[in-house]
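The values are calculated or read from the model by the stated rules, or taken from the named source; none is laboratory data. All figures in this text were calculated on a predicted structure; none of them were measured in a lab. Every residue, glycine as well, gets a Cβ built from its backbone with ideal geometry; the counts of neighbours run over all protein chains shown. Surface accessibility is based on the protein's heavy atoms, side chains included, excluding ligands, DNA and RNA. Shrake-Rupley method; radii C 1.70, N 1.55, O 1.52, S 1.80 Å.
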Amino acid sequence: MDNWIQAGMLETLKEEGSKVIKGGIAVFYHEDQVFALDNRCPHMGFPLHMGSLCDGILTCHWHHARFDACSGGTLDPWADDVPIYPVRVENGEIWVNSQPNQKGEEDKLIQRLQEGLEQNLSLVIAKAVVALMEANISETRIAQVGIQFGTTYRPQGWGSGLTILTAMVNIIPKLDKYGRFLALFQGLVHVARDSTGQGTKFMLQPLPEAKTSTKRLSKWYRQCIEVRDRQGAERVILTTLKNNTSLNEMFQMMMTAVTDHFFLDGGHTLDFHNKAFEWLETADQAYKENVLSSIVPLTANARRSEELHSWQSPTNLVKPVEDAFKLWTDLPKIEVDENLVIDEEALLNQILSDQPIETIEYITQLLQKGYSPVHLSRIVTLAAVERITKFHTQNEFGDWITVLHTFTHAHAVHQSLIRKNDMMIWRSIYYSVVSIYLDRFLNIPAAARPSPEDTTTYSMDHEQFLHLLNQQQQVTEAGKWVASYLKKNGDVSQLFNTLGHALLREDAEFHSFQMYEAAGAEYDHWVHINSPFADRAKETLVFALTRYLAAHAPTSRTLPNTAKIAWRLYRGERLFEED
Ligand code: FES
């Protein structure tokens, strides 16, 4: 009789209609049958025994979700199926098995997440993510559902939703459990929003005879992108994949086309490529055809910055960069001298100066001497984030995104060069440098570097910091709090967790997710370097991140509120008893 609970006499239930027994199980008598269901409405936890049962349909009395009393299945997709329990009647006694028929097995939960994405229902997505995490399903596996969905149901291809989701998978090691849940939830919701109502992306087929060399296919791909031939480019990509070309070669091929033109779409195109490849590395190349073909449209359709007036006038920045390429693109491979030491401070100041031509020449000399492009791009990225640290709040609010674009592009270049030190990708270092120059007016006047006048003014209490960000226009104060925290040797990993919560508790905009992820990743690149320059670099990254998040908080927090409901429901909290 294991697991069977005595649920009273049948005759009594006939009179009462329903009752609640041990284990929070609601038992109903209806149409000569006994039904047992979880008493918590799967939508938001209202007691189902207080609902109405009519014609076999149990209706919850909070938001009127309807359930088939027999199967527990809901007629309202925004709710969820309710678990049912086996029942038997013996000698007028009712027995209910405490093990529900419907268990939260992986396939069912994955299916539920899929439905949440299809219907763009954030509460359903949140509940599926909580349940999957509690079932010990890996974060990568959960995110994989979103990647497959987003690359299938968005004909325009890879967009901000998939970028957020990949970034959120990347930041998971920086977060506590609730933060990891919020990160996955936010990423998946943005994928659903990006895809809703967009139709299906039907993939083309590879060329029939996949015997063409990768070198030739790579040339074809560049030619297709050059003339904005999206379909031709997609067939070439799928043919190259069919040839079992390695991910590394695919990356080289696609990044060459991306860097054939300057700073495509304000840096997003290169950034999205980097994210797509980061995902493929994380997920062991899952859905590589979908993923790689999804980034073709944005490459073919991208705006090319060399055509923009600001890149050509009053100073023509295009020609010096093109001239610089000629100095080394036809050379045999330049050997990188990892031991070459340079004055990093001088390089940083040069990139931030108002002498772009000299900067371009300096960069070229360093590359010719064999200075590591990875190290070079790390300093270029630092220069880009300096612009955010020095961004004055008197600027137009929308210009936070201008400096953010340059930073995330520079970061993506850095990550790309770590993955593949290819001369063609070196070109993108110049694009970052020019964009940093063009952003210079956003540091005039420059905001003061965060520094507390008196560290005793600021506690080390993270809640106090989060409380500060409940108010608008706390950019300066938040910077001072963090500066004080760092000065008092506060734990930086805890700080990143708190900053993660500061991001994820908001209805954050796309660029804020990018900011957190890029700042955290760049911080990690400096963390093992022991020098005053590296220490300052780490501090700069934290300051920039803090200032950016403070500038964009608070919001109405509707999405995080949905997440909180799902989280509390899973823990059995009684939401319906609150005001
Ligand atoms: S419909 Fe039951 S709690 Fe909302």
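See the values below:
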read-out: For the stretch 412-429, 3J(HN,Hα) per residue [Karplus equation, 6.51 cos²θ - 1.76 cosθ + 1.60, θ = phi - 60°, Hz, x = Gly/Pro]; value: 5, 5, 4, 4, 5, 6, 5, 6, 8, 7, 10, 4, 5, 6, 3, 4, 5, 4
read-out: Residue-span extension gain [R449 to I357] - 0.36 nm each, minus C-alpha spacing; value: 30.4 nm
read-out: Degrees, to the nearest 10: 492-504 long Cα axis against longest axis of the chain; value: 70 degrees
read-out: Estimated vicinal HN-Hα couplings, Hz - the stretch 224-232 in sequence order (Karplus 6.51, -1.76, 1.60; Gly, Pro = x); value: 4, 5, 4, 9, 6, 8, 5, 5, x
read-out: Over the stretch 246-404, relative contact order from alpha-carbon pairs under 8 Å, at least 6 apart, %; value: 17 percent
read-out: Cα lying deepest toward the dipole's positive end in the chain, options S98, T196, A483, charges on Cβ; value: T196
read-out: Derived scalar couplings ³J(HN,Hα) [the stretch 296-302; Karplus, 6.51 cos²θ - 1.76 cosθ + 1.60; whole Hz; x for Gly, Pro]; value: 5, x, 6, 6, 5, 8, 5
read-out: Alpha-carbon centroid distance for the pair the stretch 441-479 / the stretch 524-573, whole angstrom; value: 14 Å
read-out: Modelled label reach - D284, point 7 Å along Cα→Cβ, the stretch 133-171 residues with backbone N closer than 14 Å; value: 138-142, 144
read-out: Residues of the stretch 418-445 with amide N under 17 Å of the 7 Å Cα→Cβ point at F325; value: 422-435
read-out: Summed residue charge, Cβ within 11 Å of A69's Cβ, Lys/Arg positive, Asp/Glu negative; value: -2
read-out: Fully extended contour minus Cα-Cα distance, from F576 to T196, at 0.36 nm per residue; value: 133.8 nm
read-out: Nonlocal amide H pairs with N120, under 5 Å, H built at 1.01 Å; value: none
read-out: At 1.306 mPa s and 10 °C, Stokes diffusion of the chain via Kirkwood alpha-carbon radius, µm² per second; value: 60 µm²/s
read-out: Cβ-placed point charges (K, R +1; D, E -1), dipole of the chain about Cα centre in debye, nearest 20; value: 1080 debye
read-out: Partnerless Cys - the chain, beta-carbon criterion under 4.7 Å; value: C54, C70, C224
read-out: Computed over the chain: relative contact order in percent, which uses C-alpha pairs under 8 Å that are six or more apart; value: 13 percent
read-out: The chain - percent of accessible surface contributed by carbon and sulfur, probe 1.4 Å; value: 48 percent
read-out: 0 to 90° range, to nearest 10: angle between helix 356-369 axis and the chain longest Cα axis; value: 90 degrees
read-out: By accessible area with a 1.4 Å probe, ligands and nucleic acids excluded, highest first: order of F576, F391; value: F576, F391
read-out: Q99-I342 pseudo-label distance in nm [points 7 Å out on the Cα-to-Cβ vector]; value: 6.6 nm
read-out: MRE, 222 nm, helices only [DSSP H, n ≥ 4, -39500 (n - 2.57), over the chain, to nearest 500]; value: -17500 deg cm²/dmol
read-out: Cα centre as origin, Lys/Arg/Asp/Glu Cβ charges: the stretch 460-579 dipole, Debye; value: 180 debye
read-out: On Cα atoms only, tilt of 122-134 relative to the major axis of the chain in degrees; value: 90 degrees
read-out: Residues with amide H under 5 Å from that of R228, placed H, sequence gap 5 or more; value: none
read-out: Per residue convex hull volume, Cα atoms of the stretch 175-250, in Å³; value: 144 Å³
read-out: Gain in span if fully extended, R536 to M203, counting 0.36 nm per residue against the direct Cα distance; value: 115.1 nm
read-out: Simple label model, 7 Å out from Cα along Cβ direction - Q494 to E335, nm; value: 4.9 nm
read-out: Proximal charge balance of E307 [Cβ under 14 Å; K/R count +1, D/E count -1]; value: -1
read-out: Inter-label distance for K215 and Q6, nm, one decimal - labels placed 7 Å from Cα along Cα-to-Cβ; value: 8.5 nm
read-out: Inter-part distance where the stretch 232-273 and the stretch 35-58 are each reduced to a Cα centre, Å; value: 52 Å
read-out: Per residue accessible area in Å² of the chain, where ligands, DNA and RNA are left out and the probe is 1.4 Å; value: 42 Å²
read-out: Charge dipole (debye, nearest 20) of the stretch 306-453; +1 at Cβ of Lys and Arg, -1 at Cβ of Asp and Glu; value: 280 debye
read-out: The stretch 357-463: relative contact order as a whole-number percent, Cα under 8 Å and 6+ apart; value: 37 percent
